[in-house]
Amino acid sequence: MIDFSSGSDVILTVLLVFPVALVSWSNGAWWGLGLAIVASVAHLGIDLSGPHPTPFASAAINDGVALATFCILSVLIDLVVRQRAELQVSLNQKNLLLKEVHHRVKNNLQVVSSLLSLESGKVKNPEAKMVFKECRDRIHLMARLHQRLYSNGEFASVDFAEHLREMAQTLVPAHTPAGCAVRFKVEAEPMIVDLDMAITLGLIANEILLNSLKHAFAGKESGNLTIELKDGAEREMTVFDDGNGLPADFDPKKRGGLGMELIRGLSRQVHGKAKIENGQPGGTRTTIYFPNPSALAAQETHKSKLIPA
Amino acid sequence: MKTARILIIEDEAITVAALRRELAEMGHEVVGDAASAREAVRAAEATKPDLVLMDITLADEYDGIVAATAIRGNLGLPVVFLTAHGDDATMERAILAGPFGYLLKPFTTQELKAAIEVALHKHGSEVESRGGQG
């Protein structure tokens, strides 16, 4: 039974719900209203279930404190809800912007590729035409990475193994010398890298594959090409063929052609080194050794712990 | 390889020029080009090409998907999308227009050639199965 004389439970409960509902509604937070109703019902339930030893004044103070607490809670919940909503909006905007940037990048790469196509139309020399084609292939390679990031929705990192497989599938058939059947296989361990690293590694792989397809199988009816990618504290990317091998006068210390220069320069860019040698029993073997950033970071942490403070 | 009369819908002039050159090298005839959805529909009605190469982002308020839907619906012409939009939402919208191909920019000459051949072949088979009404 409700004892109005000792606690005026219903009136105070209504008084509790009404301001909280008002504050919640004005802040657009229906959470607060829900909480106030639940708390009021619980308060009434407790009051109705037992005797009321509390005098009216104490009950009023208790309910006033409860009211203030729920008001504060309501405002806090509202703040959290609003902040989460704002964060979500901001995140959605960022994703949209990144998508737009990737879209613009690919569109611009198409324009660059189109310009090269138009310029290549002016030249008659097959070697010069090939140079234009190789430039366009490099552009398409970078665009594919952007596409991979864009479609994954990750925007920051990519599995380079998947990219390497796709690249080999496109490059090898397109650049296999006429009259030669080249079989290729890609044995790649998953390797998550950032966009910069992926583009650099992709360009290195592109140059090694093109070198191999240009020189290894000249005068041959068939050949084999293997591409390997190994993850670990030190990462490795290896391309080997069973073709003609390195020329007798090949000196790895000399500059060589543009392809070789790019392989060396880009390897340095990823803090790695390139090793080009004759394969066993034949052919050419090119390996790029480059550090794993997470292993490097772990080593640095370990070192810093060893240094006494 | 079958040669065809092709209409290019693309708002980037350099890309149009490169496409014209590459298509001519493949032996195709470019019957025209347009940069907006409205012009695209008008050009398709005027030239009745064998194939329409359609960009998705165009110069007016309608996009290439709207133009492709109109061209497919009114004229029954095959459309291949050439676009930098590789997201699922755009592709899902584009599929509803009934395209004969979807080529992501930047594309190689080989990819373009293959997309055109597949589209022409597919459309040819479709026309044959309908009893030669194209």
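Descriptive notes on the structure:
- Contact with the other protein chains removes 10 Å² or more of accessible area, compared with the isolated chain and a 1.4 Å probe, from these residues of the range B:68-92: B:Ala84, B:His85, B:Gly86, B:Asp87.
- All lysines inside 27 Å of A:Lys122 as judged from Cα atoms, apart from same-chain residues fewer than 8 positions distant: A:Lys106, A:Lys133, A:Lys214, B:Lys2, B:Lys105, B:Lys113
- Among B:Glu111, B:Glu25, B:Glu39, the largest mean-square fluctuation in a Gaussian network model of chain B, built with springs joining Cα atoms closer than 10 Å, belongs to B:Glu25.
- In this simple spin-label model, placing a label point 7 Å from the Cα along the Cα-to-Cβ direction at both B:Ser125 and A:Glu189 gives a separation of 4.3 nm.
- Centre separation in Å (Cα based) which lies between the range B:6-67 and the range A:213-261: 43 Å
- Chains B and A together bury roughly 1800 Å² of accessible surface, counting both sides and using a 1.4 Å probe on protein heavy atoms.
- Averaged over A:147-155, number of beta-carbon atoms from partner chains that fall within 10 Å: 2
- Cross-link reach is defined here as a Cα-Cα straight distance under 16 Å, omitting same-chain residues fewer than 8 places apart; for A:Lys253 the lysines meeting it are A:Lys273, A:Lys275.
- With contacts taken as Cα pairs under 8 Å and at least 6 residues apart, the range A:192-264 reaches a relative contact order of 32 percent.
- Taking every C-alpha pair closer than 8 Å and separated by at least 6 residues, the mean separation divided by the residue count of the range A:100-215 gives a relative contact order of 27 percent.
- A 1.4 Å probe over all protein chains sorts A:Val65, A:Val270 by accessible area into A:Val65, A:Val270, starting with the largest.
- Overall, the accessible surface of chain B at a probe of 1.4 angstrom is composed of carbon and sulfur to the extent of 52 percent.
- Heavy-atom surface of the range A:111-251, accessible at 1.4 Å and reported per residue (Å²): 45 Å²
- Relative contact order (%) - the range A:56-167, alpha-carbon pairs under 8 angstrom, separation at least six: 22 percent
- Convex hull (Cα only) mean projected area of the range A:113-179, reported in nm² to one decimal: 5.6 nm²
The values are calculated or read from the model by the stated rules, or taken from the named source; none is laboratory data. Here the structure is a predicted model, which means the values were calculated and not measured. When we count neighbours, we look across all protein chains shown, and the Cβ atoms used for this are built from the backbone with ideal geometry, even at glycine. SASA here: full protein model, heavy atoms, side chains in, ligands and nucleic acids out. Shrake-Rupley method; radii C 1.70, N 1.55, O 1.52, S 1.80 Å.
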